[in-house]
Amino acid sequence: MAQSEVSMEWALIKQLTGDVSQWTYRKDIVDEESLWANFRAKLNQNNLAVLDGEPVTDAEFHQIREYMLDVAKTPYKAALWLAGENGEAVIPLTREDAAKGTIHLMAVSNREIAGGRSSYEVINQFVSDKQDDDDRERRFDVTLLINGLPMIHIELKNQDHPYMDAFRQIKKYSLEGKFRGIFGMVQMFVISNGSNTRYIAADTGSNLNERFLTSWVNKNNEPVENYLEFAKEVLRIPEAHEMVGHYSVVDAERHKLILLRPYQVHAIEAVKQSSQRQESGFVWHTTGSGKTLTSYTVAKNLILIPGIDKTIFLIDRKDLDQQTSISFKAYAENDIIDVDETDNVHDLLQKLKNKDRVVIVTTIQKMQIIMKRYNSEVKKDSATAKRLHGMCIAFVVDECHRTVTPETQRELQKFFSNSLWYGFTGTPIFDENKRQRKGDLARTTEALYGPCLHNYTIKEALHNNAVLGFQIDYKDSVSHDQLLELGEKLQVASADELANMEPDKLEEKVFAAYYKNVGTDIYDNDNHRRGVVKYIINKAAGKFRLNAPQGEAYEAILTVPSIEIAQRYYQLFKEFIAEGNVSASIREKCVDFPKIAITYTVTENDEDSLANQQAMKESLADYNEMFGTKFALDSLQAYNTNLNDRLARKKGRYKQRKEQLDIVIVVDRLLTGFDAPPCAILFVDRPPMAPQNIIQAFSRTNRIFDKSKRYGMVVIFQRSAQYQTAVDGALLLYSNGGTKEVSAPTFAEIEKEFQDALAELKSIAATPEAVETIMGDRSAMQKFAKAFQKVDRLSGEIQVYQEWEDKEFSDYGIVKESLTEYGGKYHNVIEELKTPTSDEESVVVDIGYEIENIRSVTIDYRYIVSLIQNYMPGEDELIVEPIEDTAIDGHIEKLRETNPALADVIGGFWEDMKKDPLKYKGLDAMTVIETRIEEIIAQQINTFTKEWCAQKKDVLAILNTFRKGDKISLVTDYEAYKQNHEGVSKLKYNRKAKDAVIELIEKIRPLREK
């Protein structure tokens, strides 16, 4: 029998309070009033000196309360405040006694973890304040307070429920506005059903994304699922405070709070321990797992270690327009990190010489200038040179093989003789793929940086849902038969010898012979390239997910071997589109597909510079026309940044279809260090790359994005046998053995799964109509729901394989219309399963599952609100451009056809937001609209109860439970009613009141049932 939620709560509290110096249980803190009173006591206790012995007065605490309510408007704003000045969050207070002026009270200090003025308390069954009489009372399970502020909230379900029920409950409470007021300070949510535990950074309700729920692993990358074991590992002191204090990052670009994943935390701890031993080393974290964030946090934490004078994060000058630098600026905006962007070496020198203990982000080129200057005869014995030589500097290097060469590192080590080096890479260089010999310089990662301090391979990342696996298709224009025929013709070997060759060796020998005879690569021709263009545009709709709601389709990178070929592809795409070759079925799915761009390095003085500049001018003109921009050759860095942002879609405007790209053509740019979660496809038309470059390139596609993105998809257009060998070798090298877990199932495997799932569905309900016969049988309904969910998931997966091009659902004994009808029946079943029964066994199906593939795309309430959210100004925006979006206007009018009441609410908000967007800055559109809806409902209920002299609680009960055909029992007060309504009999009054309550339900239900 499953443990009750009450007993789970007490077991957790016992775990948290069991050891010395752990959490203190506060049974007296049960509501807003007692929570605020406790916070006031903490402020008085922790600021005795600043308060000069005079506790905060009532009037002063009113000031504090108003300040805190503003700080806690959103989790992001709360996180900004908590980051504070050098890790200390303070509250400005003008004292009631004017002579005492303004003081600053310390609220939370991340410099005093597990000591000093920090206190740690745990509360449970906290009752949130009701916003009004009609609001629902909500109880929170377990909450952890640091210095009186709620910082970590834990929601529990027992083992009879999926842990996702706890997540959905938090989302629901958030949308209801329960995480407002002092509870708006919460930085971390933990959810568990006892057996499975996850955590996630706090966010507004509509922005909480289940894809970012994170499971914990220990230092050996072993999963920690049990909620009590999780509490031991993560929620102890100091670990819990470190999690929200040292292992959280505020992203100023996306206005998000980020909590590090466990492997990032373990890596940071490993680097800290290594630095205390004065040892260097490297961190191997698979590409896509957040290395930049890890290296940033390492740099931030290293400067806290006594003995380290400066921490320098090194980047290459050519990376200044790349996301590493941009991400660092976004993270560092509210931190102790100094991003050095100037070309002034003097400024860098001053930062090195002063005694401020900050992190400096600078380029390798500027460091080389300083070394050269102070190695010169004139300055090598100067006081500055001696000071620089003697400093203990920790160098942190992201993408460590691209940024620093072995020669440059040796020069820096010689100059800064006390330096420590910490490299970060997703693709270490091993003996198997080591660099070419160059004297006695390092050839592997370990030789360059020292031992591996922590590793987290793609296999482990897949297991923990940190990245996706790869689904690889080979679409070669040269078949095996053609290879054999060509081999004979070129006299590579006899027919028998050719037939017995390993496929990769056969390709290698035949293609080498072809090049020797003809003088060009066999794939370097427009016939081959036109076939690639045709496939990408007309045959890859499933991969791009073009049937997704507007703005939610995926995007792709096409990588080729040279700038010249990239330019040729760009022209061929333009020609294909201009000639009207985009198929009608593609246009039907997405009328403006595909939108193409190109990016490559443009030089000044090389042989091809002039031609490349001219071609880039033409493509920039196309880009400017497409998006209303004004980029030119002298603003290429700005163009590349804009292109990066457009592909990443992290800013609201780029979530709109009109601002999105579909395909970008590159040579090498974007294939390393580029993070764009909507990028799901890599098209490859170039010879096989080195193992580390294969993994880097493939990993542009495997970032977590939405629920439909299950793999990073790769399509290879040439040398398929050589690529298969190269890919298998690379995956084997970088996954710690075994490639099966990293690669997607074959089409045959997924097809078999789909066939079995369809058979199971039909065995429960042979037709959509047959679903009606199982209604009421909860066991059969649960089996049907589970079976349908599996069919839905697999129907999406199977359509991304190239083998699907020649298939239809009818090949599997079902038509798409029937699948859609099954989907409609599924919704009815789920609604029935949601209705609780007194004597029924618990529901064991995920009733919160959202159909992903078997549905027609509908413009619904949540979709419209998500589009509006893209226009909501950020917390720190002071000026916004005029808002106009006819698509949203059209969606609201379309919604009005089926739900006019809801359309009125959304439309009213949209018009108001367009007039005064700054009024809504930093707010969540969903929360604002939900609040308006609840206000409208409350007003309508109040009007009804006043008109018909009825009890509000009775009306609410009827509203929540009434179904068509039910008898209504409404308690009314006829005596009160007839005082204002003469001549109405009691019988007539009761009948009219019941008719009126049904009318009220019909008005309110559309606002609630969205």
### Query
Got a number for residues in the range 505-526 being part of a loop (DSSP other than H, G, I, E, B) and aliphatic (A, V, I, L, M)?
1
### Query
So, in the range 251-266, of the ones that are surrounded by 24 or more Cβ atoms within 10 Å (Cβ to Cβ) and farther than 13 Å from residue 290 by Cα, which residue ends up modelled with the lowest pLDDT?
255
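Being on the phi < 0 side of the Ramachandran plot and touching a Ser or Thr at 6+ places or on another chain (Cβ under 9 Å) narrows it down to one residue among 881, 875; which is it? Walk me through it before giving the result.
Working: 881 fails: touching a Ser or Thr at 6+ places or on another chain (Cβ under 9 Å).
After ruling out the rest, the residue left standing is 875.
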### Task
Have a look at 231, 202, 299, 270 and point out the one that is at negative phi, modelled with pLDDT under 90, crowded, with 18+ Cβ neighbours inside 10 Å and among the small types (Gly, Ala, Ser).
299
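Conditions (1) in the same structural domain as residue 699 (by TED's automatic domain parsing); (2) modelled with pLDDT of 90 or more; (3) over 32 Å from the mean Cα position of the chain (by Cα); (4) of a type outside the set (Lys, Arg), marked per residue:
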{"site": "740", "(1), (2), (3), (4)": "no, no, no, no"}
{"site": "763", "(1), (2), (3), (4)": "no, yes, yes, yes"}
{"site": "767", "(1), (2), (3), (4)": "no, yes, yes, yes"}
{"site": "772", "(1), (2), (3), (4)": "no, no, yes, yes"}
{"site": "781", "(1), (2), (3), (4)": "no, no, yes, yes"}
{"site": "796", "(1), (2), (3), (4)": "no, no, no, yes"}
{"site": "811", "(1), (2), (3), (4)": "no, no, yes, yes"}
{"site": "817", "(1), (2), (3), (4)": "no, no, yes, yes"}
{"site": "822", "(1), (2), (3), (4)": "no, no, no, yes"}
## Note on the structure
Those strands (runs of 3 or more DSSP E) completely within the range 94-200 that have 2 or more residues that are closer than 21 Å to residue 258 by Cβ and of a type in the set (A, V, I, L, M, F, W, C) are 139-146, 149-156, 188-192
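Condition first: in contact with a helix residue (DSSP H, G or I) (Cβ under 8 Å, 6 or more places away or on another chain) and either of a type outside the set (Asp, Glu) or modelled with pLDDT under 90 (or both). Now tell me which residues in the range 466-477 satisfy that. Let's see the steps before the verdict.
Start the filter on the range 466-477 by keeping residues that are in contact with a helix residue (DSSP H, G or I) (Cβ under 8 Å, 6 or more places away or on another chain), which leaves 466-470, 472-477.
Matches in the range 466-477: 466, 467, 468, 469, 470, 472, 474, 475, 477.
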### Close pairs (6 angstrom Cβ cut-off, 6 or more residues apart or separate chains): under 18 Å from residue 718 (Cβ atoms) in the range 478-507, of a type in the set (Ser, Thr, Tyr) anywhere
504/725
### Query
Say we look at the range 379-394 and pick out the residues that are touching a Phe, Trp or Tyr at 6+ places or on another chain (Cβ under 8 Å) and assigned to a loop (DSSP other than H, G, I, E, B); which of these is farthest from residue 279 (Cα to Cα)?
382
#### Entry: Residues being farther than 30 Å from residue 690 by Cβ and surrounded by fewer than 19 Cβ atoms within 10 Å (Cβ to Cβ) - total across the range 658-668
1
### Task
Could you grab the pairs with beta carbons closer than 7 Å, sequence gap of 6+ or different chains, first residue in the range 976-1003 and in contact (Cβ under 8 Å) with a residue 40 or more places away in the chain and farther than 20 Å from residue 933 by Cα, second one loosely packed, with under 12 Cβ neighbours inside 10 Å and of a type in the set (Asp, Glu)?
none
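Name the single residue that is farthest from the chain's Cα centre (by Cα) among those in the range 400-425 being in a loop (DSSP other than H, G, I, E, B) and among the β-branched types (Val, Ile, Thr). Quick ask: steps written out before the conclusion?
Restricting attention to the range 400-425, the residues satisfying the condition of being in a loop (DSSP other than H, G, I, E, B) are 404-405, 416-419.
Now narrow it down to the ones that are among the β-branched types (Val, Ile, Thr): 404-405.
Values: 404: 30, 405: 32 Å.
It comes out as 405.
Kindly indicate whether any position in the range 79-93 is assigned by TED's automatic domain parsing to the domain that holds residue 186, under 28 Å from residue 205 (Cα atoms), within 32 Å of the chain's Cα centre (by Cα) and part of a loop (DSSP other than H, G, I, E, B). Before the answer, list the steps.
Step one: of the range 79-93, the residues assigned by TED's automatic domain parsing to the domain that holds residue 186 are 79-93.
Keeping just the survivors that are under 28 Å from residue 205 (Cα atoms) gives 79-84, 87-91.
Checking the rest, the ones that are also within 32 Å of the chain's Cα centre (by Cα) come to 79-84, 87-91.
Going one step further and asking which of them are part of a loop (DSSP other than H, G, I, E, B), we end up with 84, 87.
Yes, there is a match, as at least one residue in the range 79-93 is assigned by TED's automatic domain parsing to the domain that holds residue 186, under 28 Å from residue 205 (Cα atoms), within 32 Å of the chain's Cα centre (by Cα) and part of a loop (DSSP other than H, G, I, E, B).
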### Query
Before we move on, is residue 623 in a helix (DSSP H, G or I) and over 20 Å from the mean Cα position of the chain (by Cα)?
yes
### Message
Just the residues that are over 22 Å from residue 293 (Cα atoms) and basic (Lys, Arg), please, taken from the range 389-414.
### Response
410, 414
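Considering 497, 485, 552, which residue is under 30 Å from residue 264 (Cα atoms) and either touching a Leu at 6+ places or on another chain (Cβ under 9 Å) or of a type outside the set (A, V, I, L, M, F, W, C) (or both)? Full working, then the answer.
Working: 497 fails: under 30 Å from residue 264 (Cα atoms); 485 fails: under 30 Å from residue 264 (Cα atoms).
It is 552.
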### Query
What single numbered condition from (1) in contact with a Lys or Arg (Cβ under 6 Å, 6 or more places away or on another chain); (2) outside any helix (DSSP H, G or I) fails to hold for residue 397?
(1)
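How many residues, within the range 426-453, are of a type in the set (Asp, Glu) and part of a loop (DSSP other than H, G, I, E, B)?
Filtering the range 426-453 down to residues of a type in the set (Asp, Glu) leaves 431-432, 440, 446.
Okay, now just the ones that are also part of a loop (DSSP other than H, G, I, E, B), so 440.
The number of residues fulfilling the criteria is 1.
So if I check each of 355, 414, 366, 434, which one is within 30 Å of residue 270 (Cβ to Cβ), buried (at least 18 other Cβ atoms within 10 Å of the Cβ) and without any contact (Cβ under 8 Å) to a residue 60 or more places away in the chain?
Numbers: 355 fails: buried (at least 18 other Cβ atoms within 10 Å of the Cβ); 414 fails: buried (at least 18 other Cβ atoms within 10 Å of the Cβ); 434 fails: buried (at least 18 other Cβ atoms within 10 Å of the Cβ).
Exactly one of 355, 414, 366, 434 is within 30 Å of residue 270 (Cβ to Cβ), buried (at least 18 other Cβ atoms within 10 Å of the Cβ) and without any contact (Cβ under 8 Å) to a residue 60 or more places away in the chain, namely 366.
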### Message
Among the listed residues 79, 98, 107, 89, identify the single one that is modelled with pLDDT under 90 and among the small types (Gly, Ala, Ser).
### Response
98
#### Entry: Criterion violated by residue 115 - all others in (1) under 30 Å from residue 49 (Cα atoms); (2) in contact (Cβ under 8 Å) with a residue 24 or more places away in the chain satisfied
(2)
### Message
If a residue must be under 22 Å from residue 453 (Cβ atoms), assigned to a loop (DSSP other than H, G, I, E, B) and within 22 Å of the chain's Cα centre (by Cα), how many such residues does the range 227-265 contain?
### Response
4
#### Entry: Complete set of residues in the range 879-936 that are over 19 Å from residue 654 (Cα atoms), in a helix (DSSP H, G or I) and among the polar types (S, T, N, Q)
927, 931
### Message
List the residue pairs whose Cβ atoms are under 9 Å apart, where the first residue sits in the range 874-903 and is without any contact (Cβ under 8 Å) to a residue 12 or more places away in the chain and farther than 30 Å from residue 250 by Cα, the second is β-branched (Val, Ile, Thr) and part of a loop (DSSP other than H, G, I, E, B), and the two are 6 or more positions apart or on different chains.
### Response
890/859
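Kindly provide the set of residues from the range 548-595 that are assigned to a loop (DSSP other than H, G, I, E, B), among the polar types (S, T, N, Q) and under 25 Å from residue 716 (Cα atoms), ordered by number.
Taking the range 548-595 first, the residues assigned to a loop (DSSP other than H, G, I, E, B) are 548-554, 560-562, 579-583, 590-595.
Among the residues that remain, those that are also among the polar types (S, T, N, Q) are: 550, 562, 581, 583.
Those that are assigned to a loop (DSSP other than H, G, I, E, B), among the polar types (S, T, N, Q) and under 25 Å from residue 716 (Cα atoms): 562, 581, 583.
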### Query
Taking interchain pairs and intrachain pairs at least six residues apart, which have beta carbon atoms under 8 angstrom, with the first residue in the range 222-251 and free of Cβ contacts under 8 Å to residues at least 24 places away in the same chain and the second aliphatic (A, V, I, L, M) and not in a helix (DSSP H, G or I)?
233/224
### Query
Only one of 635, 699, 609 is without any contact (Cβ under 8 Å) to a residue 12 or more places away in the chain, closer than 30 Å to residue 255 by Cα and of a type in the set (S, T, N, Q); which?
635
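Condition check ((1) within 23 Å of the chain's Cα centre (by Cα); (2) polar (S, T, N, Q)) across all residues:
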{"residue": "160", "(1), (2)": "no, no"}
{"residue": "164", "(1), (2)": "yes, no"}
{"residue": "176", "(1), (2)": "no, no"}
{"residue": "183", "(1), (2)": "no, no"}
{"residue": "193", "(1), (2)": "no, yes"}
### Task
Can you tell me which residue within the range 626-653, out of those that are modelled with pLDDT of 90 or more and outside any helix (DSSP H, G or I), is nearest to residue 592 (Cα to Cα)?
628
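The values are calculated or read from the model by the stated rules, or taken from the named source; none is laboratory data. Keep in mind the model is a prediction, meaning the values are calculated, not measured. As a convention, Cβ positions derive from the backbone with ideal geometry for all residues, glycine included, and neighbour counts pool all protein chains shown.
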